[in-house]
Amino acid sequence: MSKAVRYERFGGPEVLEVREIPEPHAAPDGVRVRVAAAGLNPMDWQITTQPDMAARFGITLPAGFGSDFAGVVDEVGPEATGFAVGDRVYGAAIGRSVAEFVLVKTPAADLWHTPEGIADEVAGTLPVASLTAAAALAAIGLRAGDTVLIGGAAGGVGIFAVQLAKRAGARVLGTASEGTFDFLRGLGAEPVAYGPGLADRVRDLAPEGITAAADLFGREAAETALKLGVAPERISVVADGPAPPPGVRKTGAVEAEPGSMERIADAVHSGEITVPIAATFPVDRIHEAVTTQAERHVHGKIVITL
Ligand SMILES: NC(=O)c1ccc[n+]([C@@H]2O[C@H](COP(=O)([O-])OP(=O)(O)OC[C@H]3O[C@@H](n4cnc5c(N)ncnc54)[C@H](OP(=O)(O)O)[C@@H]3O)[C@@H](O)[C@H]2O)c1
């Protein structure tokens, strides 16, 4: 038997149960990963609360939970390629990552070798959030010399977007609440409070104007950028919600350019990108982990250990 987070009806954190399920085994063309850590994303609990979102990802009840994971390959099917028993790996497996074992078919588009020196707790946060950040910046053609407004800059996606934008040579203004300003400064962003009056505050910080925006929380930063004269094609959003203003691109992790994951992992490995872990919870405290994340004031990533 093995442990896995499962749920049989849609709802809040209370529907999630840590279950003992029969131990799964690698398919002939697949590998089995013994998961050590799984990063949480809003999409994980949005799927458990929203049947229409679950349907979009092909998830039916009873279902597993979570997307990101990191661990060690401990079984390899006879026809599997690219991975060997003992390889440290991280990846994305939507609707089934918070479990002792995750099965992955090979060749695998969403499974990567973990660079030596990156802990599982960090590797297990990378795929969904960092690829979303990369896609949000690529969609607006972010380049050196830009002044970019990042909405929700201290969240799981924001921490990557801020640091990727700085590395690209941009000046970064990031929205957060005042208590988060020092945290954002530590990542290299100039903080600005979200909420009514945002356009005025951005104007005060950057009187010469902003040139691009990536809204990682909702629509406020995108609409503010439009109001400040940024061309719609230089604005992206990633969150579900109302249709973005005309010309503004909605993007997500699946649209990240090939090679993005490897480039980000290299930058994490070299220390150019840091991954703040806001909290780590053992899997038995899954309700607390999800509740903490769903409050939407996390700085960085929440990790579940198995
Ligand atoms: N399309 C995709 O592929 C994809 C993938 C990943 C994520 N997403 C979406 O991207 C969004 C962000 O994900 P995430 O993991 O970064 O979320 P998150 O970690 O939960 O974001 C938390 C951050 O949001 C900030 N925040 C709270 N209220 C805000 C407001 N009204 N305006 C601006 N910022 C606010 C908080 O700052 P304070 O603490 O200072 O309040 C906090 O740092 C979610 O909607 C998620 O579903 C999409």
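The values are calculated or read from the model by the stated rules, or taken from the named source; none is laboratory data. Values in this document were obtained by computation on a predicted structure and should not be read as measured data. Virtual Cβ from ideal backbone geometry, glycine too; neighbours counted across all protein chains shown.
Restricted to the range 163-190, and to residues there that are under 18 Å from ALA222 (Cβ atoms) and within 11 Å of the ligand (Cβ to nearest atom), the residue that is surrounded by the most Cβ atoms within 10 Å (Cβ to Cβ) is GLY174. Looking only at the range 12-20, decide whether some residue is loosely packed, with under 14 Cβ neighbours inside 10 Å and more than 12 Å from VAL290 (Cα to Cα). Taking every residue of the range 12-20 in turn, at least one turns out to be loosely packed, with under 14 Cβ neighbours inside 10 Å and more than 12 Å from VAL290 (Cα to Cα). Taking GLU79 as the residue in question, decide whether it is of a type outside the set (A, V, I, L, M) and either in contact (Cβ under 8 Å) with a residue 60 or more places away in the chain or touching a Gly at 6+ places or on another chain (Cβ under 7 Å) (or both). Against the criterion (of a type outside the set (A, V, I, L, M) and either in contact (Cβ under 8 Å) with a residue 60 or more places away in the chain or touching a Gly at 6+ places or on another chain (Cβ under 7 Å) (or both)), GLU79 does not qualify. Per the listing ILE286, ILE235, ILE277, the residue uniquely touching a Leu at 6+ places or on another chain (Cβ under 6 Å) and more than 10 Å from the ligand (Cβ to nearest atom) is ILE286. ALA70 meets the conditions (1) among the aliphatic types (A, V, I, L, M); (2) out of contact with any helix residue (DSSP H, G or I) (no Cβ under 9 Å at 6 or more places or on another chain); (3) crowded, with 22+ Cβ neighbours inside 10 Å in every case but one. The failed one is (2).
Taking the range 241-262 as the range and being buried (at least 16 other Cβ atoms within 10 Å of the Cβ) and out of contact with any Leu (no Cβ under 9 Å at 6 or more places or on another chain) as the test, the residues that pass are PRO244, ARG249, LYS250, THR251. Among residues of the range 269-298 that are over 13 Å from ALA38 (Cα atoms), those with a Cβ under 6 angstrom from a residue that is among the polar types (S, T, N, Q) and part of a loop (DSSP other than H, G, I, E, B), sequence gap 6+ or separate chain, pair up as VAL275/THR125.
Yes or no, residue by residue, for (1) assigned by TED's automatic domain parsing to the domain that holds LYS250; (2) surrounded by fewer than 24 Cβ atoms within 10 Å (Cβ to Cβ); (3) farther than 15 Å from SER236 by Cβ:
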position	(1), (2), (3)
ALA109	no, yes, yes
ILE118	no, yes, yes
ALA144	yes, yes, yes
VAL148	yes, no, no
PHE160	yes, no, no
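Entry remark, the range 142-189: residues being more than 18 Å from the chain's Cα centre (by Cα) and either under 20 Å from GLY229 (Cα atoms) or modelled with pLDDT under 95 (or both) number 12 in total.
Before we move on, is ALA214 in contact with a strand residue (DSSP E or B) (Cβ under 7 Å, 6 or more places away or on another chain), crowded, with 17+ Cβ neighbours inside 10 Å and not basic (Lys, Arg)? It is true that ALA214 is in contact with a strand residue (DSSP E or B) (Cβ under 7 Å, 6 or more places away or on another chain), crowded, with 17+ Cβ neighbours inside 10 Å and not basic (Lys, Arg).
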